[in-house]
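Below is one structure, written out as structure tokens; comments come after it.
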Amino acid sequence: MAKRIDVSGLNAYYGSFLAIEDISMTVEPRSVTAFIGPSGCGKSTFLRTLNRMHEVTPGGRVEGKVMLDDENLYGAGIDPVSVRREVGMVFQRPNPFPTMSVYDNVAAGLKLNGKYKKSQLDDIVEKSLKGANLWNEVKDRLNKPGSGLSGGQQQRLCIARAIAVEPNVLLMDEPCSALDPISTLAIEDLIGELKERFTIVIVTHNMQQAARVSDRTAFFNLAAVGQPGKLIEIDDTERIFSNPSVQATEDYISGRFG
Amino acid sequence: MSHASLSDKRPGSSLRGATLPKWFPWATAAGSIVLGIGISAVAGLDSDIQWGLIAAILFVLGSYAIAAKVEGRRQAKDRVATSLVWVAFILAVVPLASLIWETVRRGVKVLDGYFLTHSMGIVGDKEPGGGIYHAIIGTLEQVGLAALISVPIGVLTAIYLVEYGRGKLAKAVTFFVDVMTGIPSIVAGLFILSLWIITFGMGYSGFAGSMALTILMLPVVVRSTEEMLKLVPNELREASLALGVPKWRTILKVVLPTSIGGITTGVMLAIARIAGETAPVLLLVWVTPLINTNPFSDPQASLPVYIYLQYANSGGAGAAYDRAWAAALVLIAFIMILNMAARGIARWKAPKTGR
């Protein structure tokens, strides 16, 4: 299920603006990799290049290689739609489909992609909601609108929706930044469980969160506003937070940034 | 020090000032209406508009003067703004209300089941009797055909502009839609007349009228649909794309259902707008007192043209005059029902937030 991501020499542009420059890293399967760094340094942009969502933005363009096991996501003849089925994504703000019920939200990825039997769908919906630790809270209101849930529940609904299509990799773009500490804890616990099955990449501004949930941490930085963001270093989380090899990382983590 | 000098100027509590009672605006309004009527009577002005305007001006000035005296200048300005809004509201509502009142009052005289289910047939211009069945059929068919052509084209154009359009083509389409919005209805009628009837040699028909109505309806549908599609949050599109759903299915299953309520409202308003068009219909469909259910050949009747002709033949009184008002009432009711249906659909289809 889980696959390794191998990025080499990746540049991403918005129009003619180079947003991130020359990024190379490896993301291990069945582990959590956290991206930290100041706002505007290109963490989210880089995350979006990993499932070809970057090019959805007008003017978005990518150079370089992203290998998912042994396939280059930016190779010739690769269909971005199939890439996104392999690499799922959870966004910063919970975004359940407002016209759909809880059930339909979870089943959306499957229903919109092909035909499934009702019993099959029922199983997958239950499994995904259980996987997202949401089943007990919503099992009696599966046919109520998904937007009626609380913010934390909505975000777990979005996670259930993302894992229902059985991706190999799960990208999370600041999944807890709009949530309260209790919902955040629920999602962090969930990340710990999900890493048994998926490769997880998470962008976060919360250093403690990165330290709590991730196995490896990558620090991004930019020289100045208007300059492209760069990967400063990536290492085991423990090492990054105790004894980073680059001074800038230590400054950022200890709050001496800027 | 400055604090002290400031508070010195305010005697007593600085948070509580003199306020006028709640009934003050109503009393001012009543007072200015009485004064307005009084002034007009004394000055010998006999028009309703004149005393109304005098009362409105008195109301605005009076509220300001009294409030400035009692409450202070800031509150007085607030009251003037409020009263200006009220005056503008009443100025807008009075014509509308009086229009509906007049139409209902004069229209109900001959409006009954017989009137709705019979055509004019051989009823003479000034004779009583006859009805608008033929005109209702004509209007429904012409407007229905126009909607059938322009809704798919309009919605698809809007989808192109919002979801796909980049660069010069999209700009050109937007520009031409804007230009089309400004086309006077008679010009649309003349265009179809010269193309369809004069160049192609086709006869008068409901369909020719529908084509002109399509020209008028299309830009309205495109514009309103475009606005509605732009309101759909980008996050929803991204959420769907990130699930590995192709773009066209995202548009079909996520974007359109989210905005369908607004799109329906826009389409209904566009229909309401063309249902009352007279000039192009008169040019292209011509008229007949008989029932013609085939919109593709021979002249058809329609409600706006019926109203126009009945009034033109009546000389301002008599049976034809009453029929014109009754037909106008039916047309207004038709458009109102469409509007209400649009609101109902918008509410029914709106994204649900209930728990």
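The values are calculated or read from the model by the stated rules, or taken from the named source; none is laboratory data. In this text the structure is predicted, and so the values were computed from the model without any measurement. Reconstructed Cβ throughout: ideal geometry from the backbone, glycine too, with neighbour counts over all protein chains shown. Just so you know, the surface numbers come from the protein's heavy atoms only, side chains and all, with ligands and any DNA or RNA stripped out. Shrake-Rupley method; radii C 1.70, N 1.55, O 1.52, S 1.80 Å.
Data table
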| read-out | value |
| --- | --- |
| Filtered residues of the stretch B:296-355 (kept if outside any helix (DSSP H, G or I) and away from chain A (no Cβ under 14 Å)) | B:Phe296, B:Ser297, B:Asp298, B:Pro299, B:Gln300, B:Ala301, B:Ser302, B:Gly315, B:Gly316, B:Ala317, B:Gly318 |
| Index of the failed condition, A:Pro94 passing every other in (1) in contact with a Gly (Cβ under 9 Å, 6 or more places away or on another chain); (2) open to solvent by 10 Å² or more (accessible area, probe 1.4 Å); (3) at the interface with another protein chain (Cβ under 8 Å from one of its Cβ atoms) | (3) |
| Residue under evaluation A:Asp122, criteria (1) closer than 19 Å to B:Val254 by Cα; (2) free of Cβ contacts under 8 Å to residues at least 12 places away in the same chain; (3) away from chain B (no Cβ under 11 Å), criterion not met | (1) |
| Residue pairs meeting the criteria (Cβ under 7 Å; at least 6 apart or on separate chains; first closer than 22 Å to B:Trp348 by Cβ and more than 10 Å from chain A (Cβ to nearest Cβ), in the stretch B:245-267; second open to solvent by less than 20 Å² (accessible area, probe 1.4 Å) and of a type in the set (S, T, N, Q)) | B:Ile263/B:Thr225; B:Gly266/B:Thr225 |
| Residue within the stretch B:207-228 that is out of contact with any strand residue (DSSP E or B) (no Cβ under 9 Å at 6 or more places or on another chain) and within 14 Å of chain A (Cβ to nearest Cβ) present | yes |
| Filtered residue count, the stretch A:53-91, keeping only those that are assigned to a loop (DSSP other than H, G, I, E, B), facing chain B (nearest Cβ under 8 Å) and open to solvent by 60 Å² or more (accessible area, probe 1.4 Å) | 1 |
| Scan of the stretch B:38-51 for residues that are surrounded by fewer than 17 Cβ atoms within 10 Å (Cβ to Cβ) and assigned to a helix (DSSP H, G or I), ordered by number | B:Gly38, B:Ile39, B:Ala41, B:Val42, B:Ala43, B:Asp48, B:Ile49, B:Gln50 |
| Output for the stretch B:230-244, where each listed residue is of a type outside the set (Gly, Ala, Ser), open to solvent by less than 60 Å² (accessible area, probe 1.4 Å), assigned to a helix (DSSP H, G or I) and at the interface with chain A (Cβ under 7 Å from one of its Cβ atoms) | B:Leu236, B:Glu238, B:Leu241 |
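A quick yes/no check of all residues on (1) closer than 19 Å to B:Leu148 by Cα; (2) of a type in the set (Asp, Glu); (3) not assigned by TED's automatic domain parsing to the domain that holds B:Leu161:
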position: B:Leu193; (1), (2), (3): no, no, no
position: B:Phe200; (1), (2), (3): no, no, no
position: B:Pro219; (1), (2), (3): yes, no, no
position: B:Leu231; (1), (2), (3): no, no, no
position: B:Glu235; (1), (2), (3): no, yes, no
position: B:Leu243; (1), (2), (3): no, no, no
position: B:Arg249; (1), (2), (3): no, no, no
position: B:Gly261; (1), (2), (3): yes, no, no
